[in-house]
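Since the structure comes first, as structure tokens, the remarks are kept for the end.
The values are calculated or read from the model by the stated rules, or taken from the named source; none is laboratory data. Note that the structure is a prediction, hence the values are computed from the model and not measured. A quick note on method: Cβ atoms are made from the backbone with ideal geometry, for glycine too, and the neighbour counts reach across all protein chains shown.
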Amino acid sequence: MKDLLDKKIKDSETSIFKAIFPNSTNHYETLFGGAALAMMDEVAFITATRFSRKKVVTVSSDKVDFKKPIPEGTLVELKGKVAYVGNTSLKVRVTIFIEQMYLEHREKAIEGEFTFVAIDDNKNPAPIFE
């Protein structure tokens, strides 16, 4: 079972790149925190869905650490990976890396975890595995 779980976790890892444009930045010309959280939740949702192949909903976000501001005019990579699997829930760790567009420089900017619950057609909690 552990081998199958490890394979499902690896196969569901998700990576998305985005460019940071002025319409998503604040008066300091850095990415709004709320915009970062929305992108992270989307990547976490995709990861959770790819892992479980079930309908899932976000139930919480845990300790999101904003380590570096994300400047306008940079690229970001959002990486999602399943960190925990329960009976009806799972946690996805999402990390955002900043990449300069015209330099070979990359650094971790934000990291956090999102918890999802699988639901059935009546929106009740459902098993992750059946």
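Scanning the range 7-27 for residues that are assigned to a helix (DSSP H, G or I), out of contact with any strand residue (DSSP E or B) (no Cβ under 8 Å at 6 or more places or on another chain) and not polar (S, T, N, Q) returns Lys7, Lys10, Asp11, Pro22.
Quickly run through the range 110-119 and pick out the residues that are closer than 22 Å to Ala19 by Cα and surrounded by fewer than 22 Cβ atoms within 10 Å (Cβ to Cβ).
Keep residues of the range 110-119 that are closer than 22 Å to Ala19 by Cα, which gives 110-112.
Matches in the range 110-119: Glu111, Gly112.
For Asp62, the conditions (1) exposed (fewer than 15 other Cβ atoms within 10 Å of the Cβ); (2) closer than 28 Å to Lys8 by Cβ; (3) out of contact with any Gly (no Cβ under 9 Å at 6 or more places or on another chain) are fulfilled apart from (3).
Scan the range 82-98 for residues that are among the β-branched types (Val, Ile, Thr), in a strand (DSSP E or B) and either farther than 30 Å from Asp120 by Cα or in contact with a Pro (Cβ under 8 Å, 6 or more places away or on another chain) (or both) and jot them down. Of everything in the range 82-98, those that are among the β-branched types (Val, Ile, Thr), in a strand (DSSP E or B) and either farther than 30 Å from Asp120 by Cα or in contact with a Pro (Cβ under 8 Å, 6 or more places away or on another chain) (or both) turn out to be Ile96, Ile98.
For the range 33-81, a residue qualifies if it is under 12 Å from the mean Cα position of the chain (by Cα), more than 21 Å from Asp120 (Cα to Cα) and among the polar types (S, T, N, Q), and exactly one does: Ser61. Being at pLDDT below 95 and out of contact with any helix residue (DSSP H, G or I) (no Cβ under 7 Å at 6 or more places or on another chain) holds for only one residue in Glu104, Glu99, and it is Glu104.
Residues in the range 1-59 that are over 20 Å from Lys108 (Cα atoms) and of a type in the set (Phe, Trp, Tyr): Phe45, Phe51.
Inspect all residues belonging to the range 34-46 and state whether any of them is of a type outside the set (Ser, Thr, Tyr), surrounded by fewer than 15 Cβ atoms within 10 Å (Cβ to Cβ) and at negative phi. Yes, the range 34-46 contains at least one residue that is of a type outside the set (Ser, Thr, Tyr), surrounded by fewer than 15 Cβ atoms within 10 Å (Cβ to Cβ) and at negative phi. Check whether at least one residue in the range 67-74 is part of a strand (DSSP E or B), farther than 21 Å from Glu130 by Cα and of a type in the set (S, T, N, Q), and report yes or no. Yes, the conditions are met somewhere in the range 67-74.
State all residues of the range 34-56 that are assigned to a loop (DSSP other than H, G, I, E, B) and touching a residue at least 24 places away in the same chain (Cβ under 8 Å); if no residue qualifies, say none. Please lay out each step first, then the result.
Looking only at the range 34-56, we keep the residues that are assigned to a loop (DSSP other than H, G, I, E, B), and these are 53-54.
Selection gives Lys54 alone.
Quick check on the range 34-48. Is at least one of its residues touching an Asp or Glu at 6+ places or on another chain (Cβ under 7 Å) and aliphatic (A, V, I, L, M)? No, that holds for no residue.
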